[in-house]
Structure formats: C-alpha cells, structure tokens
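Okay, structure first, notes after.
The values are calculated or read from the model by the stated rules, or taken from the named source; none is laboratory data. Because the structure is a prediction, the values reported are computed rather than measured. In this analysis, Cβ positions are derived from the backbone assuming ideal geometry, glycine residues included, and neighbour counts consider all displayed protein chains. These area figures cover heavy atoms from the full protein model, side chains too; ligands, DNA and RNA do not enter into them. Shrake-Rupley method; radii C 1.70, N 1.55, O 1.52, S 1.80 Å.
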Amino acid sequence: MLSACIDIGSNTTRLLVADCESGRLRAVHQERVFTHLGRGRLDDGTITSHKLEEVTDVVAAQVARARELGAEHVRGIATAAIRHAPNGSSLVTAIRDSCGLEVEVLTGEREARLAFLGAARTLGHAPDGELGVVDVGGGSSEMVVGSVPGGVTWSASFGLGSGDLTESRLHSDPPSEAELADARDVIDRTLRGLDVPHPAEAVAVGGSAASLPRLAGPLLDAEAFGRALRLLASEPARVIARRFELDIERVRLLPAGLLILQAAAERFAAPLRVGLGGIREGFLLEATGA
C-alpha cells in the first residue's frame with residue numbers, strides 16, 4: 001500500500017511516497033522544495049502572508065503529485081517553524097482549505113521519537129547496545145537514545161537548527177573563522193548542562209546529514225568533520241555546490257548543520273553514520289502500523 005508524508009520544515013517542504021508493509025518501508029518517490037519558512041517570519045516569529053501562500057501552494061502541488069503516484073493516504077506534519085509561530089495554525093488552516101490535507105504540528109518530543117523510529121527501523125541491522133539519533137532541522141534539533149526494538153529511553157529537543165543558526169551567525173560566504181567560532185559558542189551554550197547518554201552506535205538524519213557524506217565520507221568522526229568544515233570555509237557556496245553536485249541552498253546551510261552534528265557526536269561520544277530514515281519514515285511506519 002502506498003502512503004505519503006509531506007513534511008513542512010523550517011528550511012524545506014518534503015514529500016515522501018513509500019510502500020509500507022510488514023514492518024518495512026520502501027521509498028517510491030521523494031522530492032523537496034526549499035521554502036525557507038525560517039526566513040519568511042517577522043520579528044515575533046509570525047509567518048508573513050506571502051510565505052503562507054507560497055508554502056500552501058507547494059504543499060498542494062505535492063499532495064497532487066502523491067495522489068498521481070497512487071498514494072492511498074496522504075498525511076502532513078510540521079515542525080519547529082510552525083510550532084513556534086504565533087500564526088502557525090493559519091498555515092494549517094490554509095493548507096486544509098486549499099487541498100484537504102490535515103497537518104499535524106509535532107511537539108519537540110514527538111519529533112524526536114519519530115526520528116528515532118525512522119532511523120532505527122531503516123538501520124538494516126540490530127545495534128550492539130543502545131542507538132543514538134541526532135536530527136538537525138532548520139529551526140530545531142533533536143537528540144534521542146533508545147534500544148531496538150524497545151524504543152526511546154532519553155530524548156532532548158532544542159530550538160537550534162541549521163537555518164536559524166545560519167541566518168543569525170553565519171553571514172559571510174564562505175563563513176569566517178570568527179563567525180564559525182561564534183556559532184560554536186551558541187551551540188555550546190544551548191547544549192550546556194545536557195546529560196547525554198553514550199550509545200553504542202549513533203546515526204544522523206536530516207538534510208545536512210544526508211549531504212555531508214559527499215564532502216566528508218560515510219563516517220562522520222572528528223577527522224571527517226574537520227575536513228568538511230575546512231572545505232566549506234575555504235570557498236563560496238556556489239563553488240562547493242558545483243563541485244559536489246549539491247543544491248546551493250543546502251551548501252549555505254551545511255556549515256551550521258555540520259557544527260550541530262559535530263557537537264551531538266561529541267556528546268554521544270560516538271561517530272555518526274548517516275541514517276536511511278528520519279521523521280517522515282517514522283511517521284509513515286507508525287501511521288500505517290507497518
């Protein structure tokens with residue numbers, strides 16, 4: 001049975017159409033649009049009317065695409081940018097009125113649990129101990145530790161993502177050493193006092209994690225993080241994007257995403273491997289009972 005999930009995030013709006021059956025998920029179609037909800041906000045976090053219309057149109061087109069592909073059920077989720085916006089409900093209503101899609105605005109805790117479920121169920125093997133998952137989004141990030149198949153035993157969601165950190169701290173292209181140091185300081189202050197368990201294995205999910213292996217290789221350890229950051233700080237985003245066949249919008253977000261992932265790896269005391277599934281996969285597996 002084909003099902004679809006549309007994930008409205010702070011940086012991107014993504015569609016996943018997948019076949020979910022017998023505890024397995026097979027992706028049939030994926031697409032993304034950089035809608036940058038994080039940029040389309042007023043000082044108090046209110047989403048502008050122009051951005052509301054833009055995202056509504058993108059979601060309606062993705063709903064139509066999912067149905068063209070034969071998805072029997074199409075579901076929507078929204079994360080930090082909508083969760084924290086004073087008028088987030090206006091976007092949910094506009095989408096429902098436009099295309100009939102019901103959108104669930106996820107809490108930080110639920111977002112963390114879905115990220116763990118999606119990563120754990122698509123891992124391909126049973127970890128030798130607890131599994132750690134870090135999901136870096138545009139407006140928030142989640143760290144989760146749990147057992148497979150027991151579930152989550154510890155989680156934390158914090159209001160720091162690649163989009164917000166880029167907009168507030170990394171203004172240059174490429175980012176300067178001073179800007180990177182400032183961004184690191186923001187991350188350290190945000191995570192200070194967090195008592196993070198040390199899992200046997202850790203994976204990273206989200207847009208930054210999916211793109212980093214092209215620059216750093218499949219294992220994100222201290223050496224790989226350092227190598228990728230030196231590269232991102234040495235040349236403009238357009239050059240990196242062309243060389244590694246990445247979207248320029250993603251490359252602009254990568255230094256911030258990398259720094260958050262590196263901080264998570266240090267606190268997990270484990271290198272990160274890039275997971276095959278995250279919150280969209282977790283949501284569909286849960287919703288379909290697969």
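For (1) more than 30 Å from Ala71 (Cα to Cα); (2) open to solvent by less than 50 Å² (accessible area, probe 1.4 Å), each residue gets a yes or a no:
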position	(1), (2)
Pro197	yes, yes
Ala202	yes, yes
Gly206	no, yes
Leu215	yes, yes
Pro218	yes, no
Arg252	yes, no
Ile260	yes, yes
Phe268	yes, yes
Leu284	no, yes
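Quick check: is even one residue across the stretch 69-76 crowded, with 16+ Cβ neighbours inside 10 Å, more than 21 Å from the chain's Cα centre (by Cα) and not in a strand (DSSP E or B)?
Yes: the stretch 69-76 contains one or more residues that are crowded, with 16+ Cβ neighbours inside 10 Å, more than 21 Å from the chain's Cα centre (by Cα) and not in a strand (DSSP E or B).
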Please list, ordered by first then second residue, the pairs with beta carbon atoms under 9 Å, 6 or more apart or interchain, first in the stretch 230-246 and over 15 Å from Leu180 (Cα atoms), second polar (S, T, N, Q) and open to solvent by 30 Å² or more (accessible area, probe 1.4 Å). Ile240/Ser234
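With respect to Ser172, determine if the residue is free of Cβ contacts under 8 Å to residues at least 24 places away in the same chain and either small (Gly, Ala, Ser) or under 22 Å from Ile8 (Cα atoms) (or both).
Details: free of Cβ contacts under 8 Å to residues at least 24 places away in the same chain: yes; either small (Gly, Ala, Ser) or under 22 Å from Ile8 (Cα atoms) (or both): yes.
Yes, satisfied.
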Is it the case that Arg32 is in a helix (DSSP H, G or I), within 30 Å of Gly124 (Cβ to Cβ), in contact with a strand residue (DSSP E or B) (Cβ under 8 Å, 6 or more places away or on another chain) and open to solvent by 50 Å² or more (accessible area, probe 1.4 Å)? no
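Among Leu2, Leu42, which is the only one that is loosely packed, with under 14 Cβ neighbours inside 10 Å and aliphatic (A, V, I, L, M)? So that I can check it myself, show each step before the final result.
Details: Leu2 fails: loosely packed, with under 14 Cβ neighbours inside 10 Å.
Within the list Leu2, Leu42, the selection yields Leu42.
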Quick check on the stretch 89-108: of everything there that is at pLDDT 95 or above and of a type in the set (Gly, Ala, Ser), which residue is surrounded by the most Cβ atoms within 10 Å (Cβ to Cβ)? Ala94
